[in-house]
1. Using a 1.4 angstrom probe on the protein heavy atoms only, line up Lys199, Lys223, Lys88, Lys14 by accessible area, largest first.
2. Restricting to Cα pairs below 8 Å that are 6+ residues apart, what does the relative contact order work out to for the range 98-182? Please round to a whole percent.
3. The range 16-110: D in µm²/s via Stokes-Einstein (Kirkwood Rh, Cα pairs, 20 °C, 1.002 mPa s)?
4. Given charges of +1 on the Cβ of Lys and Arg and -1 on the Cβ of Asp and Glu, with all other atoms neutral, how large is the dipole of the chain about its Cα centre, in debye to the nearest 20?
5. Under a 1.4 Å probe, what is the accessible area of the chain per residue, stated in Å²?
6. Based on DSSP H runs of at least 4 residues, each adding -39500 (n - 2.57), what is the mean residue ellipticity at 222 nm of the chain after dividing by all its residues, to the nearest 500 deg cm²/dmol?
7. What percentage of the solvent-accessible surface of the range 1-116, computed with a 1.4 Å probe over protein heavy atoms, is contributed by carbon and sulfur atoms?
8. Which percent, nearest 5, of DSSP beta bridges in the chain are antiparallel?
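The values are calculated or read from the model by the stated rules, or taken from the named source; none is laboratory data. Treat the numbers as computed from the prediction; the structure is a model and nothing was measured. Positions of Cβ are generated from backbone atoms using ideal geometry, with glycine treated the same way; all protein chains shown enter the neighbour counts. For the accessible areas, the whole protein counts, side chains as well, though only heavy atoms, and no ligand, DNA or RNA atoms are used. Shrake-Rupley method; radii C 1.70, N 1.55, O 1.52, S 1.80 Å.
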Amino acid sequence: MQRIGIIGVGEIGKAVVEGLRGEGGAAPEIFLSPRGVRVAAELSERFEGVQVCADNQEVVDRADLVIIAVRRQDHREVLGGLKVGDDKTVVSLMAGVAIDDLRRTLATGAPIVRAIPLPAVRERRSVTVTCPSHPAVDALFTQLGGALSVADEDDFNVFSALTGTFTAHYAYLGTLTSWAAGHGISPDVADRYVRGLFKNVGRALNDESRTLDQLAADHETPKGNNERIRTTWFDQPNATALATALDGLLADLR
């Protein structure tokens, strides 16, 4: 089992550690950078076999597989000067940083794989897109809920753009709650109802025998309430605006 290092211990780095160590049993040693010192210290206190290193070079030296989870605008400053042996495996979680760009920064011949883990890896329920396929990296994310490998970085960037939409989903639910509160419903009651409503709707996504369009149709009554909101609010101009926003994000990622 490989030793894992994480440079940049933010929300996703924390989720990876919790996913690997949370169930107990056999797990790799994990070495954390001091970047994100409060989170790193908390993880090392919670889990046996998780250690905080003095600096990023120590993380690289002690690990076999190095996960880089820093902000893309900081990566040259944070990673410049690191010595990464060709025997290491590097996993980049940085959106918008191409493999060739990162290889120039690290000046290494080590395999570099891009990945898009989501916070649900902490519960081992998130499928992680990787590019390109690599046996050790795919095995790691399979353990955390599943790995979906793509060979082309342009395709990978499409998936990366899609991940930019999930907080908009939360904001949509928050808007529904605020609307109900504006009509006299207690905010706590509205929040509870909206959460329960969409938790139940989300369970239908487990039925992969039906397309998303079929699921929408199956949840509508002709001329009913759901059809009315879908056709009057989420109309073609609304859908086009969403596609335009995604196109802009994708252009930036590329």
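1. Values: Lys199 135, Lys223 185, Lys88 25, Lys14 55 Å².
If we order Lys199, Lys223, Lys88, Lys14 from most to least accessible, we get Lys223, Lys199, Lys14, Lys88.
2. 20 percent
3. Answer, rounded: 152 µm²/s.
4. 480 debye
5. Values: 14520 Å² over 254 residues.
That works out to 57 Å² for each residue.
6. -15000 deg cm²/dmol
7. Numbers: 2320 of 5100 Å².
It is 45 percent, rounded to a whole number.
8. 15 percent
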